[in-house]
Structure formats: C-alpha cells, structure tokens
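The values are calculated or read from the model by the stated rules, or taken from the named source; none is laboratory data. As the structure is a computational prediction, the values presented were derived from the model and not from experiment. When we count neighbours, we look across all protein chains shown, and the Cβ atoms used for this are built from the backbone with ideal geometry, even at glycine. Calculation scope for accessible area: heavy atoms of the full protein, side chains included, ligands and nucleic acids excluded. Shrake-Rupley method; radii C 1.70, N 1.55, O 1.52, S 1.80 Å.
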Amino acid sequence: MSIQGMPNALSPHARAHWVTRLRDHLQQSCTEPVELVQTHLSWLLLAGATAYKIKRPVVLPFVDFSSLAERRRCCEEEVRLNRRFAPQLYLGVSRITGTSDAPRLDGDGEAFDYAVRMRRFASGSLLAERATAGTLLAADVDRLAERIAAIHLAAPRAAPDSGFGTPERRAAAPLSVLDALRLAAPSCADAYTAMRRWLKREAAALAPLWHARMAAGFVREGHGDLHLANLVLLDGDILPFDAIEFDPALRWIDIVDDAAFTAMDLIAHERSGFAVRFINGWLDATGDHAGLALWRHALVYRALVRALAAALQPRAGPDYLAVARHLAAALRAPRLIVMHGLPASGKSVVALRIAEAIGAIRLRSDVERKRLLGLPALADTHAAAADAYSAGATQRTYARLAELARTTLEAGWPAIVDAAFLRRTERARFAELAEELGVPFAIVACHAPEALLRERIAARRLRRDDPSEADIDVLRRLTAAAEPLDAAERAAALDVDTAAPEAAQSMALARMVAYKAL
C-alpha cells in the first residue's frame, strides 16, 4: 500500500520503523554495515560511499519539517545551496518510495519522503574531530580562513529592502535562541537572565553599526552554520557543508556573524590561539576591520546557538553555554604593539605568535600596501618592489595602518602592527596614538644576521607564498635608511633574535606574555 501523504500521521515509532527498514534494505547491497545516525533534525544513513540525509518531521522553535512538501523543498534547497561550497559532496535528491514496511530509494510509485544524497567522507575528516584529536594544523586554519573569506567576498548581497540583517532582527535573534534554550534546559535560569541583560545592552550599543553595515552591503547570503562539525577536510581541501536551508534569514546575515561561528567553535574546542589565527587570516583576506566591534556579540550569539543544539540532542562535547558566558564576561585589554625590523627578520611570524597568545589583531603592512595598490592582498604578485616601497606608497601604508590600529583599539582589541618601522617618525606616530587612546605601548624588535635575511628572501621568492614584495634590492635600501631605536624607544622595546633556536624564541615570547610585558 502506498503511504503518500501519510508520514505526518505516523507515530514517532512508526517513522523510525520505516527508516530502520530502509537501512536494512540498503544493507542488502553493502558489504560494510550501514549506519543509522540521528540528529535533532535528521536521520543519516551511511551506506558504503554514499550518505542519505532524511529530514525528521519535527517541529522546533526555529524549524518546521512537519509537512512532506516542506521536507522536499528543503532537500532540494539544501543541495542547491551547498553546491556553492562543496559540489563534490552533494549528489542530488532521492525519492523514498514503497511502503513503511518496504521502503525503497528512487523506486516506482509516489514518494512518501525525500533524502539528500551525498558523497560519504571518512571518519575523522571533520574539523571538529580533528580539533578534538589534536590533529588540526595551523596550515588547516590558514586555508580555512582564506576559503571562508573567499566565500564571503563572492556572496550575493542582500537588497536594502530585503529585511535581512536589520538591527531589529539582529537584536531579536539571540534573544529568541535564549528563550528556546531556557525551555530546553531550564536549570540555568540565573545565567539566562544575566545573558539577556548583556545581549540587550550590546544590541543597543551596536545598532548604529549594524544599520551602517546593512546599508553598506555586508549582509550577504552566507552559510549560516559554520561550526567545526560542518567543515570537512576532503581531498586536500577544506569544504563547508550543511548550510542553513530551512530559513533564509539564518544565512542572509552579516559576514562577521557567519565567520564568528568558526572562531567560536575553535574557542569551544580549546583552540583559542587558532581562533585568533582564523580571525586574523579572515581579516587579511577581507579587509573588514570596520566590523571588529561586532565580533564579541557574534561569538556569544553563536555559542548560544550551539548550546541550544546540544540541549536538543545531548552528547559529549563542549559546554557552549559556559563558552557564551565566558565570552560575554571576558575583560577587554586593548594595547598597541609595533614590530620593528628589516625585511625577512621574522616580524610576521613573531607577530602572529604574540597575537595568538594575547588575542590580538595583527595589522600587516605587506597586506595593506597591496590593498592600497589594488592588488590581491595575500598573493605573491611580484609587483614592482620599487613602486610598492616608494616614499609615497610607504606613507600611504603607514597612514592606513594607523587608521586600522585606531579602529582595532577602539573596538576593544589589542593591536599588533606588523611593519618595518625603520624610521623614528613612524614609531613616534603610533606611540602618540597609544598615548591618545590611553593604552599600553610596546615595540618588538626582530633581528637576524644579514646573510640569513638574504637567504630567507631568496627562499620565499622561490616559494611565492608570502605577500611581501621585498627583494634583495629593497633590503639593501631599507638597511641604509634604517634609524635605530633611541634610548627611550629601547626602554619600551622587547628584543627577539629570530636566528636563535625555536625553543629559545618560544621561551622569550612566553616570558613576555607571562609577565604581561606586552
């Protein structure tokens, strides 16, 4: 007997019954056991090289899959949306036909349900699994930041009258999640009350910036659910998948809100340094430093979303409510650090290590110089070094870095300006900025023998994996023009010999951070 139109009348037990029957049918043609995995929204059948994702007919505060028509629409929409990011994963939509006792995939007769058909990937490929196992690498995070940034830069922009990304919607969204969380896990009433006050206070402060961002086109069709379990390492690439299909408002969001999901989940998986690395890589690629003031609210909101998912389907993993409370309560400690040293002296490596240790934003002259010249910010374009390092280009670069440092500090973040700072006037300008804003100031001076600097420059020119355009001629000119630190500057400086063994450098930087010298 056909059961077209009947799934909504079936009991939960009966619904689970036909999914189990479908698993048994698939097992007949699979040599390996077919796995049935249940989430709060789906059943997953893992059969050989293929995975079938069936939407459970649930009704939750944020989704209603009770009707067959909606489940079919969402299956088709899921494939369409996710092929933007991972076309090799999404194979199509399969019809589920037959009866509840003998269901079939793409058989004869009418469909009584639908499944998203996907390429199955190996266990351990999810970034959540790699973060938990300690196998997530810095190079993975760098690739991820560039991939997510590229998605955001290319994403369609919401029309001004779309209603997406409005201050009212952005203020209401986390409160709605909090209300649902209170119902799902009512034992933390005091925490919810304090969090509601914090969210309302932050929303009132951020409303003008939210409005400006909406008008400027930063609300775009993103992914909507970029936590680490929706990011997979496959065929040497990192692919987002499982984007939000059931509610457009959850994916038509500010790009900061989208990227913050990944950073938050790195924090939740006790990889805070990688979270900072991800944010910095994303900023290098997008240039969206104007949104720095939004990150804290976005991180807290995303932690609450994952806390709700965990409450609906308890399982081992991070305590996301605790993460949200920690992020909301964390004290801000803006400070200004400038690097100092010749090309290839190791400034960028040291700056990133310090940034990861203290949660700072790294502002890179090599990246911003290219952006001002209209060149790809992260590529090694081999632009004419004479033009890139001319007096006019240098002045414009430092002026831009000063603007970004002010923006970063006023948003509550520590700032590390990764530039050569070979002239006293350049260093004095940033010392004065720190004094104006009332934040601590320090210089980190990096140095290595000239022969090693030349060797490093030659090596990176061959690799073509660094945004710096400095060559041997630039090194020679800058060496001649460099003005050493004076006595007052040396008193505010921290010295790093980048020719020293890695262990010695790490100990020196650890002492700096431990004693709060930075």
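Brief remarks on what is shown
- Some residue of segment 253-261 being open to solvent by 30 Å² or more (accessible area, probe 1.4 Å), under 30 Å from ARG406 (Cβ atoms) and either out of contact with any Gly (no Cβ under 6 Å at 6 or more places or on another chain) or of a type outside the set (A, V, I, L, M) (or both): no
- Residues in segment 37-82 that are open to solvent by 20 Å² or more (accessible area, probe 1.4 Å), within 25 Å of the chain's Cα centre (by Cα) and more than 24 Å from LEU183 (Cα to Cα): GLU77, ARG80.
- Residues of segment 437-458 that are free of Cβ contacts under 8 Å to residues at least 60 places away in the same chain and within 26 Å of LEU372 (Cα to Cα): ALA458 alone.
- Lone qualifier among LEU363, LEU373, LEU352 - being under 23 Å from LEU494 (Cβ atoms), surrounded by fewer than 24 Cβ atoms within 10 Å (Cβ to Cβ) and in contact (Cβ under 8 Å) with a residue 12 or more places away in the chain: LEU352
- Looking across segment 203-223 at every residue that is open to solvent by less than 30 Å² (accessible area, probe 1.4 Å) and of a type outside the set (Gly, Ala, Ser), the one that is farthest from ALA259 (Cα to Cα) is identified as LEU206.
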